[in-house]
Amino acid sequence: MPKLSMRDAENRHRSIYLLPNAFTTAALFAGFYAVVQAMNNQFEAAAIAIFAAMVLDGMDGRVARLTNTQSAFGEQYDSLSDMTSFGVAPALVMYEWMLNELGRWGWLAAFVYVAGAALRLARFNANIGVVDKRFFQGLPSPSAAALVAGFVWLAVDNKLPIHDAFMAWTAFVVTMYAGIAMVTNVPFYSGKSFALGRSVPFWVILVVVAAFVFVSSDPPVVLFGLFVIYGVSGWFLLAWRWSRARRLQRNRLRNGG
């Protein structure tokens, strides 16, 4: 296969490709649709739209890598789409659903989330090629959006007492945690080491089928539970790294002494 010249490679990097950007546009539409549905008090549809945006966002990058259609335009477009679908949309959905009952504390929590998403995306773009690709630095914005949207979907689907003060402050805590977790240095497993083009054993397919069945049994409960586990997993990984570092330091001091 002939090698691309430097000029051809630069033109390719600046090109605009239809397939991956179509997925990005669909994710952007899903985020916008979530905002519209929240304004119409259709909160379950709004939450589902955010999860649909997550799926589409996960596909655009994979499709670009599999078809070798990565571009600078796609990277910037994806970030702007993520800011809408996983930054603005979840905050507005949560505010319209519950946080508005808390007055200024409600919109402050929503703003903290939006600001956290913006800072998270900016830091991610600035640190590409610098950090360990196996782990995210801070909670990724799609997972933070899943925490917020998952809580809304869980409460609406199970008809929880949404006008209870306890629910309002729980929504406040979930939103604040998601916003702050995005700008921490806590490591979260990225899953980027898993290659779709690589052959896998047959049992992996069975696990995937079982996962689909498990999620479909009760999507609001299962998805929110899974993302809660992922949302706190980074702290356990950080504690394990800290404990391991201390143990290695003690061993080094003992051997040196």
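Values quoted throughout were computed directly from the atomic coordinates according to the rules given, and no laboratory measurement underlies them. Everything numeric in this text was worked out from a predicted model, so none of it was measured. Cβ coordinates were reconstructed from backbone atoms using ideal geometry, including for glycine residues, and neighbour counts include every protein chain displayed.
Structure notes:
- As a length-normalised measure over Cα pairs under 8 Å and 6 or more apart, the relative contact order of the chain settles at 19 percent.
- P(r) weight above 15 Å for the range 119-168, C-alpha pairs, percent: 60
- Note on R104 and A239: the model spin-label points, each 7 Å out from Cα along the C-beta direction, lie 3.6 nm apart.
- Alpha carbon Rg of the range 145-196, scaled by the compact-globule rule 2.2 N^0.38 Å: 1.49
- Of the DSSP H helices in the chain, those whose Cα atoms cover at least 27 Å axially and whose Kyte score averages -1.0 or more: 18-39, 43-66, 104-126, 219-256
- Debye, to nearest 20: dipole size of the chain, +1 on Lys, Arg Cβ, -1 on Asp, Glu Cβ: 1680
- Most fluctuating residue given options A122, A38, A145, as computed from a GNM of the chain linking Cα atoms under 10 Å: A122
- Estimated D of the range 112-257 in µm² per second, where Rh is the Kirkwood radius over Cα pairs and Stokes-Einstein applies at 25 °C, 0.890 mPa s: 138
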